[in-house]
Amino acid sequence: MTPASTESGAGPLCIYLYCLYRGEVAWSTTGARLGGGLIVVQEGEVTAAVEPVMRAEFSDEKLADPKGILDKLKVHEEVIEEAMGADSVLPFRFATLFSSVSVLKSRLAEHRAQLEKTLDHLGHREEWGVELTVKPSAPANPSGGPAGASGPSASPGASFLRAKSAAWERRQDRREEAAALTDRVFRALAQESADSRTVSGGGNKAVFLVPRDRRQAFRSAVHRLADSGTFDGVQFRVTGPWPAYHFCEQFPMEVGRG
Amino acid sequence: MTQRNQRGMKTVCESSTLGDLLERILDKGIVISGDIKVKLVDIELLTIQIRLVICSVDKAREIGIDWWSKDKVSGEAGKDMLEMERLRLRIKKLEQSALRKEVVA
């Protein structure tokens, strides 16, 4: 038997929390997923999908092993995807563990109001991601440089620096044009969704919270924008539907994850 | 599903990648930490390591690469050696950077 740890509720088992949901889910099986089998814990009209798991399976070493973690990620995602049949689903981050069901229940009770507000916001909605790539247009004057830069009076060094400066300015212009284009696309798509936000990293990625019954309208809007002629040179990559992972962020970050 | 414009260029691509999945389930979703502390390594590092696992065709078969549903995620198996080498180099840099952070901290 493993020695008692200093954490609360010492013991080899703990509770893995996948998601909260409202409504009904027809689980494909209550058999083993990551551990001893799926259990649903009811709290009023909110249900928690949980599973008893071996604590040792979530040690630092295990979570640093790419093959091992991939297997677990697969299971986590499959469970959340199954829950998408419910009216509203709050996905929890991978590896949210509690020492017991009673600790889990009391944590959920602490955040009850906010959890219910988020469940309301995500009800019957799903997440779509859009990533744009703006192809660089060919420069108007590839040789660069203002007139006279390559004249007989300009030193090679000065010409080089002027050409570099002009190239930098052209790149800046293209960056600004690209940003303006992506902004226009995302504003248009925001009209087709209940909520939206840009995702960090370059400004060319955004996520949209789309009512399930507006799924086709959203996808058509993307295709319409791409077809409009206004955004030639822009490539659209659409991903979805996802559980609304990006729209859970209004929760305050808690200390506890390394 | 791919849409092409009048010049036949691909403009709209509906596809999901491993990166899309990992940025969501490792980095988003509700964060109410349990009373059990969990440590996940740097997400970029983990994403690349996992991609390497999947890149190796033998490994992919072993772990059943087709677990992503067909309409959600495109497979990344069969990447060429150059891509794998680039990923390994990137991992090395991330690991060195993580080590430096640990030493300084």
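The values are calculated or read from the model by the stated rules, or taken from the named source; none is laboratory data. For clarity, every value in this text was computed on a predicted model and none was experimentally measured. Virtual Cβ from ideal backbone geometry, glycine too; neighbours counted across all protein chains shown.
Pairs are defined by a Cβ separation below 8 Å, a sequence spacing of at least 6 or placement on different chains, a first member in the stretch A:59-88 that is buried (at least 16 other Cβ atoms within 10 Å of the Cβ), and a second member that is among the acidic types (Asp, Glu); the pairs so defined are A:LYS72/A:GLU57; A:MET84/A:GLU126; A:ALA86/A:GLU24; A:SER88/A:ASP120.
Counted as qualifying within the stretch A:39-129 are the helices (runs of 4 or more DSSP H) with 2 or more residues that are of a type in the set (S, T, N, Q) and either within 12 Å of chain B (Cβ to nearest Cβ) or touching a Pro at 6+ places or on another chain (Cβ under 6 Å) (or both), namely A:101-110, A:112-122. A count restricted to the stretch A:33-73 and to residues that are more than 27 Å from A:ALA109 (Cα to Cα) and touching an Asp or Glu at 6+ places or on another chain (Cβ under 8 Å) stands at 1. It is to be established whether one or more residues within the stretch B:12-23 are of a type in the set (D, E, K, R), modelled with pLDDT of 80 or more and out of contact with any strand residue (DSSP E or B) (no Cβ under 6 Å at 6 or more places or on another chain). Yes: one or more hits. Taking every residue in the stretch A:100-117 that is touching a residue at least 12 places away in the same chain (Cβ under 8 Å) and pairing it with any residue that is of a type in the set (D, E, K, R), at least 6 positions away or on another chain, the pairs with Cβ-Cβ distances below 7 Å are A:VAL103/B:ASP35; A:LYS105/A:GLU43; A:LEU108/A:GLU43.
Residue-by-condition table, conditions (1) surrounded by fewer than 15 Cβ atoms within 10 Å (Cβ to Cβ); (2) in a loop (DSSP other than H, G, I, E, B); (3) at pLDDT below 95; (4) more than 9 Å from chain B (Cβ to nearest Cβ):
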{"site": "A:ARG219", "(1), (2), (3), (4)": "no, no, no, no"}
{"site": "A:ARG224", "(1), (2), (3), (4)": "yes, no, yes, yes"}
{"site": "A:GLN235", "(1), (2), (3), (4)": "no, no, yes, no"}
{"site": "A:PHE247", "(1), (2), (3), (4)": "no, no, yes, no"}
{"site": "A:GLN250", "(1), (2), (3), (4)": "yes, yes, yes, yes"}
